[in-house]
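Asks: Pasting a structure below so you can have a look.
What follows draws every value from the coordinates through simple rules; no lab data is involved. Nothing here was measured: the structure is a model prediction, and the numbers come from that model. Using ideal geometry, Cβ is built from the backbone for each residue, glycine included, and neighbour counts are taken over all protein chains shown.
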Amino acid sequence: MTVRIPVVALTILMILLSGTLAAAQTSQNILRDAQGNLPSRAANPADDPKGPVGSLTGRTAGATTAELLSLGSVWQVQECCGWSGTWTRRAGTNTFDARWRHTNGSQAQDVITLQSWNKSTNEIVLKRQNLNGTYKAVVNPAARTLTNGTASWYPAGEKWSARY
């Protein structure tokens, strides 16, 4: 009896392993082309049917320079917590000089950089330099608006919007 249990356990383990190996071999065969070759793993990212993937360097992917510049040169921004501002684009760049005024009279300024525009979702991501924070919003080019905006430093549920 004591010998049977390890033999049965070993037999079950071998059956499971052989099934796993067979499944792995089958999935590799499914991937092979008509000549029996596996696909190259060094595919060109530009060939991705979902579009180009953004880099981690802050460069904008998916939108042309002309499309980015079509987002206007001056944005009138309404932010949370009593702040409103004007973001003015530096000519020919994705950098904005931003100035805000609070309802209590306080003022602030910073530099904002448009980092990305996901053309399939119309989400834009901007970086606020001095706060090292991130703005996100949905752009509507036809209406020339940004809506449903969030910022990494905002209290939960607070939003921002803009017109350009």
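Asks: Quick one: is GLY85 at positive phi and among the small types (Gly, Ala, Ser)?
Replies: no
Asks: Restricting to the range 134-143, and then to whatever is free of Cβ contacts under 8 Å to residues at least 60 places away in the same chain and either loosely packed, with under 15 Cβ neighbours inside 10 Å or aliphatic (A, V, I, L, M) (or both), can you tell me which residue is nearest to VAL111 (Cα to Cα)?
Replies: That would be THR134.
Table: residues versus (1) among the charged types (D, E, K, R); (2) exposed (fewer than 13 other Cβ atoms within 10 Å of the Cβ).
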position: GLY105; (1), (2): no, yes
position: ASN118; (1), (2): no, no
position: ARG128; (1), (2): yes, no
position: TYR164; (1), (2): no, no
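Asks: Any idea which residue in the range 74-88 is surrounded by the most Cβ atoms within 10 Å (Cβ to Cβ), counting only those that are without any contact (Cβ under 8 Å) to a residue 60 or more places away in the chain and part of a strand (DSSP E or B)?
Replies: Result: GLY85.
Asks: Go through (1) assigned to a strand (DSSP E or B); (2) more than 17 Å from the chain's Cα centre (by Cα) for THR113 and report which single condition fails.
Replies: Tallying (1) assigned to a strand (DSSP E or B); (2) more than 17 Å from the chain's Cα centre (by Cα), THR113 fails exactly one: (2).
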